[in-house]
Every structure is written in structure tokens, then in C-alpha cells.
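Reading through the C-alpha cells given below for one structure.
The values are calculated or read from the model by the stated rules, or taken from the named source; none is laboratory data. Since the structure is predicted, the reported quantities are computational estimates derived from the model, not experimental observations. As a convention, Cβ positions derive from the backbone with ideal geometry for all residues, glycine included, and neighbour counts pool all protein chains shown. All accessible areas refer to the heavy atoms of the entire protein, side chains included, with ligands and DNA or RNA removed. Shrake-Rupley method; radii C 1.70, N 1.55, O 1.52, S 1.80 Å.
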Amino acid sequence: WARLRLEDKHARQLSSSTQPEMLCHLDGTRHTLRLLVGAHVVHLARMPEVSRELHAEAMMPELLRLSTTSEDAAGQAYLLQCYIEAFPDHFHLSTLDSVLAACSQIH
């Protein structure tokens, strides 16, 4: 998302004749990135080896760190949404404080 943000900034600085094509390309790239990231998070959540302990100690902290440290607000919200939707509710119940804290840090 950071790279796309820089490309978006560059596209907005270009002349008005090339700007629509560049912005359309960026929208397609963002969509592809969202699908790829979402599929990976769902794949992680569906792995049979994932226990509540593994989720709470390794997966959740890293996913929440990634979602809160990104400078792109849309990327932050999307990654957090993917995380919440992909993992089972009983995983979130045991780590609710951390998830809510991450939600409050989203721009």
C-alpha cells in the first residue's frame, strides 16, 4: 500500500491528459492487492494447525501491528477487516482487548 500511495501521489502531479489512465491503473492494482492480501489472511485463518494460543501469541500481534503501522488509511482498515472476518469469533473473544485497541488506532 505504501508503494501505491507514492504512485497515487505521482499520478496526481502528472498532466491532466495522462492522469485518468494512471489513476485507473492504480485502482486495478489496489483491487488486486486487496484480493491477494485477503486471500492470504483467510488461508492463515483456515490452517488446521492454528490454535487459540498460536493465534494470540504470534498471528494476531503481527496482523494487528501491520494494520496499525501502515500509513495508508484504506490499507489499515482493509487489513483489520480481513483479520476480523477471517478468524473465528472464539479467537477474537480471547483477545478482544487487543483487537479493540487496534481498532482505535486506525486512521
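Listed values, structure above:
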item	result
Hits in the stretch 52-82 - residues which are assigned to a helix (DSSP H, G or I), open to solvent by less than 40 Å² (accessible area, probe 1.4 Å) and acidic (Asp, Glu)	none
Residues of the stretch 83-93 satisfying the condition of being over 16 Å from residue 53 (Cβ atoms) and surrounded by fewer than 19 Cβ atoms within 10 Å (Cβ to Cβ)	84, 85, 86, 89
Tally, over the stretch 94-107, of residues that are open to solvent by 50 Å² or more (accessible area, probe 1.4 Å) and under 15 Å from residue 45 (Cβ atoms)	1
